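Note sheet for the following structure.
The values are calculated or read from the model by the stated rules, or taken from the named source; none is laboratory data. Owing to the predicted nature of the structure, the values given are computational and were not obtained by experimental measurement. Every residue, glycine among them, receives a Cβ derived from its backbone with ideal geometry; neighbour counts consider all protein chains shown. Heads up: the accessible areas ignore ligands, DNA and RNA and are worked out on the full protein's heavy atoms, side chains in. Shrake-Rupley method; radii C 1.70, N 1.55, O 1.52, S 1.80 Å.
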Amino acid sequence: MTHQPPVEASERPADVDTGFWLWLIALPLMVIGYIADAYFTAGKHASILVMGFSVLVALMMAALVLTFLFLMRSGYRWTRTLLTGGGIATVIYTGASLFSTERETVQALIFAVTGIVGSVLIVGGAFLLHRQDAQGFFTK
C-alpha cells in the first residue's frame, strides 16, 4: 500500500460531494418518516412523554449522522465506514418495515415515500463514496 498525500478540500472528488448531498437529502426524509410512523403507530395509546422521547432520539441520531457526514466530507475513512454500515441497516429496516407493519393509508403513504426515496438516496450515496475516484480521498 502506497502512502498518498492528503487531498485538499478543493480537490475533493465529485463523487464525494455528490454522495454527501445524497445523504444530506435522505437524512430529513428518513427522520420525517420515522417520526410520522412513531406518531401514527402510538396513536392514542402513548403518552406525550413517549412521543417526546421518540422525537428526541430521532433528532439525536440525525445530529450524529450529520456530524459524521461533515467528517466524511473532510476525508475521514472511519466515518464513511460507519455511514455505510448504518445506511445498510437503515435500508434493511425500512424495507422490512414497509411490508411487515399494518398502517393506515396516510401513514403508509408518508412512510413509503420517505422510506423508499430516502433508501434510494442512501444506497446511491454509499455507492458513490466507495467508487475508485473517492478511494484516494479518504486518508484520515
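A few comments on the model shown:
- Reciprocal of mean inverse Cα separation for region 62-140 (Kirkwood radius, Å): 13.7
- Relative contact order of the chain, taken over Cα pairs closer than 8 Å and 6 or more residues apart, is 47 percent.
- Surface accessible to a 1.4 Å probe, per residue, for the residues of the chain, Å²: 62
- Under 15 Å, Cβ to Cβ, from Gly33 - net charge with Lys/Arg +1 and Asp/Glu -1: -1
- Net dipole in debye of the chain [+1 Lys, Arg Cβ; -1 Asp, Glu Cβ; about Cα centre; nearest 20]: 220
- Paramagnetic reach from Val120 (point 7 Å along Cα→Cβ, amide N under 20 Å) across region 16-55: 18-34
- Projecting the Cα positions of Gly33, Thr105, Val55 onto the charge dipole of the chain (unit charges on Cβ atoms of Lys, Arg, Asp and Glu, taken about the Cα centre) puts Val55 furthest along the positive direction.
- Net +/- balance of residues flanking Ser74 in space, Cβ distance below 10 Å, scoring K and R +1, D and E -1: +3
- Taking the alpha carbon gyration tensor of region 11-66, multiplying each eigenvalue by 5 and rooting it gives semi-axes of 32, 11, 4 Å, largest first.
- Fluctuation leader among Thr18, Thr114, Thr79 - the chain, Gaussian network, Cα springs under 10 angstrom: Thr18
- Report summary: the helix-based calculation at 222 nm, which adds -39500 (n - 2.57) for every DSSP H run with n ≥ 4 and divides by the residues of the chain, gives -27000 deg cm²/dmol.
- Counted by Cβ distance under 13 Å from Trp23, the other residues give a net charge of 0, where Lys and Arg count +1 and Asp and Glu count -1.
- Region 65-140, relative contact order in percent, only Cα pairs under 8 angstrom and at least six apart counted: 43
- Using the Stokes-Einstein relation with a Kirkwood hydrodynamic radius computed over Cα pairs, the translational diffusion coefficient of region 44-108 at 37 °C and a viscosity of 0.692 mPa s comes to 232 µm²/s.
- Share of alpha-carbon pairs per 5 Å distance bin for the chain, given as whole %: 2, 10, 19, 20, 16, 12, 9, 6, 4, 2, 1, 0
- Estimated at 0.36 nm per residue, the fully extended path between Gln132 and Phe70 surpasses their Cα-Cα distance by 20.3 nm.
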